[in-house]
1. Test Trp201 against the stated conditions and say whether it is in contact (Cβ under 8 Å) with a residue 12 or more places away in the chain, surrounded by 16 or more Cβ atoms within 10 Å (Cβ to Cβ) and under 16 Å from the mean Cα position of the chain (by Cα).
2. In contact with a helix residue (DSSP H, G or I) (Cβ under 8 Å, 6 or more places away or on another chain), surrounded by 16 or more Cβ atoms within 10 Å (Cβ to Cβ), under 23 Å from Gly76 (Cα atoms) and at pLDDT 95 or above: is that true of Val187 in this structure?
3. In the range 144-167, what count of residues is obtained for those that are closer than 16 Å to Gly61 by Cβ and surrounded by fewer than 15 Cβ atoms within 10 Å (Cβ to Cβ)?
4. Looking at Arg68, Arg94, can you tell me which residue is in contact with a helix residue (DSSP H, G or I) (Cβ under 8 Å, 6 or more places away or on another chain) and modelled with pLDDT of 95 or more?
5. Out of the residues in the range 116-135 meeting the condition of being among the β-branched types (Val, Ile, Thr) and touching a residue at least 12 places away in the same chain (Cβ under 8 Å), tell me which one is surrounded by the fewest Cβ atoms within 10 Å (Cβ to Cβ).
6. Within the range 190-211, work out how many residues are in a loop (DSSP other than H, G, I, E, B) and at pLDDT 95 or above.
7. Could we say that Pro112 is more than 24 Å from Val193 (Cα to Cα), assigned to a loop (DSSP other than H, G, I, E, B) and either at pLDDT 95 or above or polar (S, T, N, Q) (or both) here?
8. Could you please tell me which pairs satisfy a Cβ distance under 8 Å, a separation of 6+ or placement on different chains, a first residue in the range 150-166 that is touching a residue at least 12 places away in the same chain (Cβ under 8 Å), and a second residue that is among the hydroxyl-bearing types (Ser, Thr, Tyr)?
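The values are calculated or read from the model by the stated rules, or taken from the named source; none is laboratory data. Owing to the predicted nature of the structure, the values given are computational and were not obtained by experimental measurement. Here the Cβ is made from the backbone with ideal geometry for all residues, glycine too, and neighbour counts use every protein chain on show.
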Amino acid sequence: MKDSSSFRVSATLVAGLMALAASSVVADRHKGASAELKSPLAFQSITDPAQRSMALFKEMGKVITHPRCMNCHPRGDSPTQGMMSQKHEPPVVRGAGGLGAPGMRCTTCHGPGNVAYTASEGSIPGHPTWRLAPPEQAWQGKSLAQICEQLKDQSRSHMTLAELQAHNAEDSLVGWGWHPGEGRQSVPGSQKVFGALTQAWIDTGAVCPEN
């Protein structure tokens, strides 16, 4: 027979999932469709390489600053959720490796794939490696220029520019942003275009925007 603490944990998880349905999914639906993501070809008319590079990164910023991405790059030790980046419910913390605290791992609620609700609209997001970005890659509250500098700084990004391009173009956790499950707005464009923009930005000198 389960003890009362087990029931309390179960009740907390159920309440958290209900809050997700009531706030995160509804906020997504009210936000509307994602914006278009231009391909690198749209910037070929910019003859100055540095100016083109900055313009390319600003276009990448449509993905980088979208709540689907920002929610997993929080300024603190807890993720946010929904288009309004509200506090995650149930309350969770980063834990070792960004995988959650013992007894409340990310995988407690987030499985290897999205799961649609059976009794109402919406879904629980999921991915095999669901986790938070490392704290040195916190994006919330920072300008696009500051985020750009973070990405170029290997001591914080833990990636070379080539590895960053592969991450943006091929990593399936990044790709989840385009397939976030029922009731959620996806990030604009496609992962293929995002990867192409990243490569074009690198090829033009990886220049960061001024703000």
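1. no
2. Taking the combined requirement at face value, the residue satisfies it.
3. Result for the range 144-167: 2.
4. Result: Arg68 is the single residue among Arg68, Arg94 that is in contact with a helix residue (DSSP H, G or I) (Cβ under 8 Å, 6 or more places away or on another chain) and modelled with pLDDT of 95 or more.
5. Checking each candidate, the answer is Thr129.
6. The total comes to 7.
7. Yes; evaluated as a whole, the condition is true for this residue.
8. If the second residue must be among the hydroxyl-bearing types (Ser, Thr, Tyr), the pairs left are Gln150/Ser157; Leu151/Ser157; Leu164/Ser157; Leu164/Thr198; Gln165/Thr198.
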